[in-house]
Amino acid sequence: MKFSEIGIEGYYYDLPPSGGKLRASPEDFTVEEIYQNIERREDGNVLVLKLKVRNWEHNRLLRFLARIYHVSPKRVYFSGTKDRRSVKIQYFSIPGVRFREIELEDVEVLDHFYAERPLALGSHSLNRFVIVVRDCNPALFTKNCLSVREKGIVPNFYGPQRFGAVRPVTHLVGRELVRGDYEEAVRLFIGFPGDDRFSSQRNNFYETMDIERALAEFPSSLDLEVKLLRYLREKSGDYMGAIKQLPGNLVSMFIHAYQGYIFNRILTERMRISKFPEVGDIFRLDGDMVRVNSVNIDVLREKFERGLGSPTGLIVGHSTDLATGLMGDIESRILQEEGISPLKFRLPFGLSSKGERRDLFLRIRDMECVDSTVKFSLPPGGYATSVMREIMRVEDMENY
């Protein structure tokens with residue numbers, strides 16, 4: 001699978017490929033949530049867990065934590081999701097429970113305490129990464145790493161983890177949900193083949209929509225797919241009902257992935273034309289959104305060069321503001337090519353999205369380059385893949 005399949009093309013820097021592969025083992029990719037301030041209250045009613053987790057998929061871990069503490073997975077709060085194939089140090093919070101030991105393989109409790117409120121999404125200040133790259137050209141890797149460190153900026157693409165690196169299907173399902181084609185959404189979710197080890201079974205369903213055959217061929221480990229197939233066997237043709245059988249956070253992920261795909265396409269087009277603020281941009285500066293015009297453009301370009309602020313791109317929703325000028329033309333054209341309008345994001349099942357603006361460019365902090373190991377920090381929402389892709393120049397997503 002190539003990055004182009006999730007809307008990513010082009011680079012910020014003009015560098016030679018160093019090659020390389022991430023995550024030869026989970027220990028090659030570590031990430032830790034960093035908080036500036038995190039409240040601790042002895043009389044608090046919210047348990048906060050600081051966990052060190054190896055090679056756990058995020059939603060699976062949530063289900064196990066919920067089971068241990070006898071709560072719904074919806075009652076387990078967190079600040080951010082992390083890649084499965086990694087070692088991650090992150091925080092979870094659960095209201096109304098007291099601490100009990102967690103006996104899960106590859107899960108270690110580093111700390112626990114109590115707080116007044118659950119953690120909110122994006123409430124940590126940074127993610128700190130330590131990444132070991134295998135099978136690269138070490139000299140080129142170090143040279144490229146130092147070049148990226150010098151300027152300290154990369155495109156703020158959504159990485160493969162947003163879409164499924166092995167089977168990038170989430171945005172495709174999301175597209176059909178936004179279009180209202182629930183049958184095709186189910187067909188894609190169950191049958192889109194990708195590169196996983198069940199591609200043959202998936203492809204059979206994708207081509208035939210034969211439910212009985214799929215139930216005979218699909219292993220029980222594909223529990224959500226099997227659940228949908230059994231539902232459709234009982235209620236033939238009720239594809240909207242089948243979608244409702246999926247966890248709500250997974251269905252939301254489909255919509256978010258499609259929004260991410262559109263953003264990636266917009267950023268790809270913008271990079272081909274300009275990497276600097278332009279008239280018509282909506283520029284984020286100190287938390288405020290500023291419309292770039294002929295009067296303020298020189299000031300905003302100077303601030304951007306100094307590492308302050310960034311032009312933004314569209315995360316499409318039913319109430320988002322589009323840019324004007326060059327950026328507005330790009331955003332409108334991509335939406336037209338996708339065959340959607342912002343109002344399409346007024347969705348049922350509580351899935352409606354107002355949309356927002358996302359910085360086009362990502363600032364890297366505290367970057368260190370040592371042999372084939374790189375360390376750096378990113379704000380919440382930034383993808384380490386965006387940094388590593390600029391250094392490695394490998395287009396196969398499976399390398400990340």
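The values are calculated or read from the model by the stated rules, or taken from the named source; none is laboratory data. Just so it is clear, the structure is predicted and the values come from calculations on it, not from any experiment. All Cβ positions, glycine included, derive from the backbone under ideal geometry; neighbour counts span all protein chains shown. Ligands, DNA and RNA are stripped out before the accessible areas are found, and what is left, the full protein with its side chains, is counted by its heavy atoms. Shrake-Rupley method; radii C 1.70, N 1.55, O 1.52, S 1.80 Å.
Kindly list the number of the only condition in (1) under 25 Å from Ile334 (Cα atoms); (2) in contact (Cβ under 8 Å) with a residue 40 or more places away in the chain that fails for Phe192.
Single failed check for Phe192: (2).
Which one is nearest to Phe345 (Cα to Cα), of the residues in the stretch 315-332 that are in contact with a strand residue (DSSP E or B) (Cβ under 9 Å, 6 or more places away or on another chain) and among the polar types (S, T, N, Q)?
So the residue we want is Thr320.
Could you list, in sequence order, all residues of the stretch 291-314 that are in contact with a strand residue (DSSP E or B) (Cβ under 9 Å, 6 or more places away or on another chain), of a type in the set (A, V, I, L, M, F, W, C) and open to solvent by 40 Å² or more (accessible area, probe 1.4 Å)?
Residue satisfying the conditions is Leu308 alone.
Out of the stretch 80-99, which residues are within 21 Å of the chain's Cα centre (by Cα), of a type in the set (Lys, Arg) and at pLDDT 95 or above?
Lys88
Quick one: which strands (runs of 3 or more DSSP E) sit completely within the stretch 315-400 and have at least 1 residues that are surrounded by 15 or more Cβ atoms within 10 Å (Cβ to Cβ), more than 16 Å from the chain's Cα centre (by Cα) and of a type in the set (Phe, Trp, Tyr)?
The strands (runs of 3 or more DSSP E) meeting that bar are 373-378.
Which strands (runs of 3 or more DSSP E) does the stretch 57-155 wholly contain that include 1 or more residues that are under 27 Å from Leu246 (Cα atoms) and either open to solvent by less than 20 Å² (accessible area, probe 1.4 Å) or of a type in the set (Val, Ile, Thr) (or both)?
Answer list for the stretch 57-155: 87-95, 107-115.
List pairs: first residue in the stretch 12-29 and among the charged types (D, E, K, R), second residue open to solvent by 40 Å² or more (accessible area, probe 1.4 Å) anywhere in the structure, Cβ distance under 6 angstrom, at least six positions apart or on different chains.
Within 6 Å, the pairs are Lys21/Arg134; Lys21/Asp135; Arg23/Arg85.
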